[in-house]
Amino acid sequence: MTFLYKANVTRGQEWASLFADRAPDLPFRLWPDIGDPADVRYLAAWMPPENIGTTFRNLELVFSIGAGVDQFDVAQIPLHVPLIRMLEPGIAEGMVEYVTMAVLALHRDLLPFIAQQREQTWREIRCTQAARRRVGVMGLGLLGQAVLERLKHFGFPLVGWNRSPRTIESVSCYAGRQALPDFLAQTDILVCLLPLTDETRGILNSSLFEALPRGAQLVNVGRGGHLIEADFLDALERGVLSAAILDVAEQEPLPAGHPFWSHRRILLTPHIASMTTPETAVEFVLDTIGRHRRGETLPGLVDRQRGY
């Protein structure tokens, strides 16, 4: 009975040390040293190996190292094997920090000031009060709710949009496609925290940008597949959007020469908004394995129909 880890090697070595300390009776292997595939009962991965079901015939649980599972082809995972998305607290805290940073950077005109510094231009930009800057969050799951809770402290009017209804104190919530235009009309800084599904792929497109107040700003910490890049660049060029902070891209790493690298109205980071913390991730994984062995409800269980 073996646990196999397939993700960042450096953090994988930390996982190995933690497993040796906390679960010494559970053999731990770091990809590509898989040993006998028939012994692998538990797999944790960011980009999963091909042919999971046929290679690891005795799998009992599959964990995503991240909060999302869109990188998995669930058809490759046998129906009897639960797919678990990571729910350890380090992911939420990292995302809250990043989105708070991004929203404040856009609110306080950091991108224009960076451009002015490069041009050696000393020019004031008049501040907008937080009470007049409306922040909208798309995706009201655990991460979206945690982000909104932190943003409440800054005095922004807050709105949220979700596939299904949510009720969040001090947040005006909208649900369903029919309510999306009303949500967008009240959003000056748009934060995308949606899961990537067939329904949400390409949702950040020209029609959505046109529904925002002119000059709105974007934070995308969902997935690159949410954004239609050509529509986005056109919206920046025409002033429909005024600035954006992106942590994800359709192609990662972003290729050399891509317009995102040098665009003065884009701040780009390499998919680092939130990272799994080995200590709390291992605690979550071992707790989930224990629950599975006891036949209890599993936290983070992915609904294969919804895709998250």
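The values are calculated or read from the model by the stated rules, or taken from the named source; none is laboratory data. Just so it is clear, the structure is predicted and the values come from calculations on it, not from any experiment. Positions of Cβ are generated from backbone atoms using ideal geometry, with glycine treated the same way; all protein chains shown enter the neighbour counts.
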- Note on the structure: When Ile65 is run through (1) touching a residue at least 60 places away in the same chain (Cβ under 8 Å); (2) out of contact with any Ser or Thr (no Cβ under 7 Å at 6 or more places or on another chain), the failure sits at (2)
- Looking at the stretch 111-224, what strands (runs of 3 or more DSSP E) fall wholly within it and have at least 1 residues that are buried (at least 22 other Cβ atoms within 10 Å of the Cβ) and in contact with a Gly (Cβ under 6 Å, 6 or more places away or on another chain)? 135-138, 158-162, 189-192
- Go through Ile77, Ile84, Ile91 for me and flag whichever is touching a strand residue (DSSP E or B) at 6+ places or on another chain (Cβ under 9 Å) and closer than 20 Å to Thr280 by Cβ. Ile84
- Task: Name the one entry in Ile289, Ile272 that is among the aliphatic types (A, V, I, L, M), touching a residue at least 24 places away in the same chain (Cβ under 8 Å) and closer than 25 Å to Phe113 by Cα.
- Result: Ile272
- Task: Please find, within the stretch 68-92, the residue that is nearest to Cys127 (Cα to Cα) out of those that are assigned to a helix (DSSP H, G or I) and out of contact with any Ser or Thr (no Cβ under 8 Å at 6 or more places or on another chain).
- Result: Val74
- Item | Residue count for the stretch 151-170, restricted to those that are more than 15 Å from Asp188 (Cα to Cα) and aliphatic (A, V, I, L, M) | 1
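Residues checked against (1) under 15 Å from Gly300 (Cα atoms); (2) surrounded by 15 or more Cβ atoms within 10 Å (Cβ to Cβ); (3) touching a helix residue (DSSP H, G or I) at 6+ places or on another chain (Cβ under 9 Å); (4) modelled with pLDDT under 95:
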residue: Ala20; (1), (2), (3), (4): no, no, no, no
residue: Pro24; (1), (2), (3), (4): no, no, no, no
residue: Leu30; (1), (2), (3), (4): no, yes, yes, no
residue: Ile34; (1), (2), (3), (4): no, yes, yes, no
residue: Pro37; (1), (2), (3), (4): no, yes, yes, no
residue: Ala44; (1), (2), (3), (4): yes, yes, yes, no
residue: Phe63; (1), (2), (3), (4): yes, yes, yes, no
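Do the conditions hold for Asp33, that is, is it more than 30 Å from Gly224 (Cβ to Cβ) and in a loop (DSSP other than H, G, I, E, B)?
Yes.
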- Being out of contact with any Ser or Thr (no Cβ under 8 Å at 6 or more places or on another chain), part of a loop (DSSP other than H, G, I, E, B), among the charged types (D, E, K, R) and modelled with pLDDT under 95 narrows Arg264, Arg304 down to just Arg304
- Taking the options Ala230, Ala249, name whichever one is farther than 29 Å from Ala131 by Cα, among the aliphatic types (A, V, I, L, M) and under 15 Å from the mean Cα position of the chain (by Cα). Ala249
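One line per residue, one yes/no per condition, for (1) out of contact with any His (no Cβ under 9 Å at 6 or more places or on another chain); (2) farther than 10 Å from Gly136 by Cα:
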residue	(1), (2)
Phe183	yes, no
Thr187	yes, no
Val191	yes, no
Pro195	yes, yes
Asp198	yes, yes
Leu204	no, yes
Ser207	yes, yes
Leu212	yes, yes
- What pairs come up if the first residue lies in the stretch 241-256 and is touching a residue at least 40 places away in the same chain (Cβ under 8 Å), the second is of a type in the set (Gly, Ala, Ser), and their beta carbons are under 6 Å apart, counting only those six or more places apart or on different chains? Ile245/Ala102; Asp247/Ala273
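Let's see how each residue does on (1) in contact with an Asp or Glu (Cβ under 9 Å, 6 or more places away or on another chain); (2) in a helix (DSSP H, G or I); (3) modelled with pLDDT under 95:
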| position | (1), (2), (3) |
| --- | --- |
| Gly257 | no, no, no |
| Pro270 | yes, no, no |
| Val282 | yes, yes, no |
| Thr297 | no, no, no |
